[in-house]
Amino acid sequence: MKAVFLSDAHLKCSDDERYKRLERFLDDIHLGRIRQPDESAMREHQGPAIDHLFILGDFFDFWFCDKDHIHPEFRPMIDKLVSLQKSGVRVHLAEGNHDFFLAEYFRDVLGMTVYEEWATLEIDGLRLLIAHGDTVDQSDWFYLWFRRVLRSDLFYKAQRLLPSRVRWAIANFTSRASKEMNNDRNGALLNKMIAFASEKLKGDYDAIILGHCHHPALREFNVEGRKKTFIALGDWTRHYSYLYYEDGTFDLRCDESKAFCAFRK
């Protein structure tokens, strides 16, 4: 099986270069092209380059749960996902701290898989734990409270009744607040994720894949003679990083035309 995992694109404006760069990346996957880690050339496939695309949260900088009024700036990217789906790629989305209430549209209308919280996957005999990762730090009680408010039934119902301009004003405020509360300037959150993964991997998980911290990293652990892996996906705002999985091998890469970035430590 072949899959790509990515997170934290924080899409907002369709004319942003990172938005367009992600569109080109998805186009390459659709056309059967995936770059190799040891050379600048693309590997050509017959049909799409992967079987599954996993988007682990904060794909959009904010998302409103209104399936009848999709924000126009998001439509080009949604069309790319639908094209991939029609070509045979299974598209999976995990909710992040910026985009939630996704199921009403992406699952119920488009037929994609949506993970509202943590999800366990069985792939090629490997047991994976995936999520956006914003609840790893259980000591940040204020953020966890703020998260519950945003995902509450009250907020869900209230935002649907508000005019569009008011909703976007709230979106901009909550987006800034969420970014500030989760600002990981010194990599402290990544260290907490590594500690979290090292404990979880002592159980029956073979790999843990998270987004959210914006620091790309791949760590391998030896647990009773068995190799286990933790991956922090990084982002599509600075690193343009993604995880490529093929037949039991995890390869953390960045979307560069001339060189690959090394995130393994």
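Looking only at residues in the range 140-166 that are touching a residue at least 12 places away in the same chain (Cβ under 8 Å) and not in a helix (DSSP H, G or I), which one is farthest from the chain's Cα centre (by Cα)? Please lay out each step first, then the result.
Narrowing the range 140-166 to residues touching a residue at least 12 places away in the same chain (Cβ under 8 Å): 140, 142-143, 146-147, 150-151, 156, 159-160, 164.
From what's left, not in a helix (DSSP H, G or I): 140, 151.
Values: 140: 22, 151: 18 Å.
If we take residues in the range 140-166 being touching a residue at least 12 places away in the same chain (Cβ under 8 Å) and not in a helix (DSSP H, G or I), then 140 is farthest from the chain's Cα centre (by Cα).
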| message | I'd like to know if the range 183-198 contains one or more residues that are touching a Lys or Arg at 6+ places or on another chain (Cβ under 8 Å), at pLDDT 70 or above and either within 30 Å of residue 70 (Cα to Cα) or of a type in the set (Phe, Trp, Tyr) (or both). | response | no
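Quick one: in the range 96-120, of everything that is not hydrophobic (A, V, I, L, M, F, W, C) and not in a loop (DSSP other than H, G, I, E, B), which residue is nearest to the chain's Cα centre (by Cα)?
Going through the qualifying residues, I end up with 115.
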| message | Quick check on the range 89-108. Is at least one of its residues surrounded by fewer than 17 Cβ atoms within 10 Å (Cβ to Cβ) and either of a type in the set (S, T, N, Q) or in contact with a Gly (Cβ under 7 Å, 6 or more places away or on another chain) (or both)? | response | no
| query | Which of the residues that make up the range 14-61 are at pLDDT below 90 and assigned to a strand (DSSP E or B)? | reply | 33, 34, 35, 42, 43, 44
| task | Tell me which residues, restricted to the range 121-139, are farther than 19 Å from residue 226 by Cα and part of a strand (DSSP E or B). | result | 130, 131
| said: Among the residues of the range 129-140, are any farther than 26 Å from residue 2 by Cβ and loosely packed, with under 13 Cβ neighbours inside 10 Å? | reply: yes
| message | Considering only residues that are of a type in the set (Gly, Ala, Ser) and at pLDDT below 95, which ones fall in the range 103-120? | response | 103
| said: What's the total number of residues in the range 219-233 that are touching a strand residue (DSSP E or B) at 6+ places or on another chain (Cβ under 7 Å) and over 20 Å from residue 118 (Cβ atoms)? | reply: 2
| field | Cβ pairs under 6 Å, 6+ apart, first in the range 218-236 and aromatic (Phe, Trp, Tyr), second in a strand (DSSP E or B) | value | 221/228; 230/208; 230/219
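The values are calculated or read from the model by the stated rules, or taken from the named source; none is laboratory data. The shown structure was predicted, so the numbers you read here are calculated from the model rather than taken from an experiment. Cβ sites come from the backbone with ideal geometry, for glycine too, and all protein chains shown count toward neighbours.
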